[in-house]
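Below you'll find the structure, written out as C-alpha cells, and then a few comments.
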Amino acid sequence: MNCAFCYSKDKRDHADLSINEWKKFFDNNNGLIKDINFGTGENTLLEEWFSLVDYINKQYPNIKQALTTNGTLALKVKNNSIKSEIIKRAISEIDISIDYGEEKKHNHFRGNENAFQNAISSLEFCYKNKIQTTIVVMGIEDNLRQRNIEKIFNIARKYNSYVRINFFRPVNRDRKSTRLNSSHTDISRMPSSA
C-alpha cells in the first residue's frame, strides 16, 4: 500500500524489535495486559507476527488479541492453513480499512489496485469464521459525503460488521497531509442514520 495519510512510512528506517524481544516483553508484562490491537502498518506482512500471535494465545490466553488490517490478511490466510488457524483461534476481532464504498476510489486512495478486493476478501474470511469485524474509515473531506458513507454501511450490513470513522488528523503540517483534513461542514453532511 501507499496511503497518502500514513504517518509512519517516513519513520520505518529503524529496526523493529525481534520476535524474541516481543516474547520477553509479554513474558515480563502479561499480568498487566488485558487487550492488544495490532495496528498501524500491516502486521500480517511480517511472517514472524503469526508466531507471536500464536505464542501469546498459547502462553497467555487471557490476553484478548485484535488486528487492524488494510486487507492484506486475506492474502496471507488464503492458501495457508496454519496462518488461517492461528487467526481463527487467537484473534477475537479484526478492524478492516475501507475508506470508499467504490472499488476504484478506494484503490486510488490506498495506492494499490487490489486494496478494495483484499479488504472485501478479509471481511468474507471473518464472516465465514465468525470473527467480529469493524470497517474503519479514514475520514477525510472527500469520503465523508453521504453517498460514500451509505455505501460503506451497505458493505457493513452484508458482513455484519460495525463501522468506525477515524477523522484524519495530520501529525505533520505539510501541504499533502493538510489537504486531507475534513471540516465541521463535512461532518454535518453525514447521514443521520445509515
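The values are calculated or read from the model by the stated rules, or taken from the named source; none is laboratory data. Quick caveat: nothing in here was measured; it's all calculated off a predicted structure. Cβ sites come from the backbone with ideal geometry, for glycine too, and all protein chains shown count toward neighbours. For the accessible areas, the whole protein counts, side chains as well, though only heavy atoms, and no ligand, DNA or RNA atoms are used. Shrake-Rupley method; radii C 1.70, N 1.55, O 1.52, S 1.80 Å.
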| query | Which members of segment 24-54 meet the condition of being in a helix (DSSP H, G or I), modelled with pLDDT of 95 or more and open to solvent by less than 50 Å² (accessible area, probe 1.4 Å)? | reply | PHE26, ASN29, ASN30, PHE50, LEU52, VAL53, ASP54
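Residues ILE91, ILE86, ILE135, ILE98: which one is of a type outside the set (Gly, Ala, Ser), farther than 26 Å from ILE33 by Cα and surrounded by 16 or more Cβ atoms within 10 Å (Cβ to Cβ)? Walk me through how you get there before you give the answer.
On the way: ILE91 fails: farther than 26 Å from ILE33 by Cα; ILE86 fails: farther than 26 Å from ILE33 by Cα; ILE135 fails: farther than 26 Å from ILE33 by Cα.
Just one listed residue meets the conditions, ILE98.
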| Any residue at all in segment 155-164 that is out of contact with any Phe, Trp or Tyr (no Cβ under 7 Å at 6 or more places or on another chain), open to solvent by 20 Å² or more (accessible area, probe 1.4 Å), in contact (Cβ under 8 Å) with a residue 60 or more places away in the chain and not polar (S, T, N, Q)? | yes
| field | Which listed residue is within 25 Å of ILE33 (Cα to Cα) and not aliphatic (A, V, I, L, M), from LYS78, LYS58 | value | LYS58
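Here is a yes/no grid of residues against (1) touching a Pro at 6+ places or on another chain (Cβ under 7 Å); (2) farther than 20 Å from LYS23 by Cβ; (3) of a type in the set (S, T, N, Q):
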| site | (1), (2), (3) |
| --- | --- |
| GLY41 | no, no, no |
| GLU47 | no, no, no |
| GLY71 | no, yes, no |
| ASN80 | no, yes, yes |
| GLY101 | no, yes, no |
| LYS105 | no, yes, no |
| GLN117 | no, yes, yes |
| LYS128 | no, yes, no |
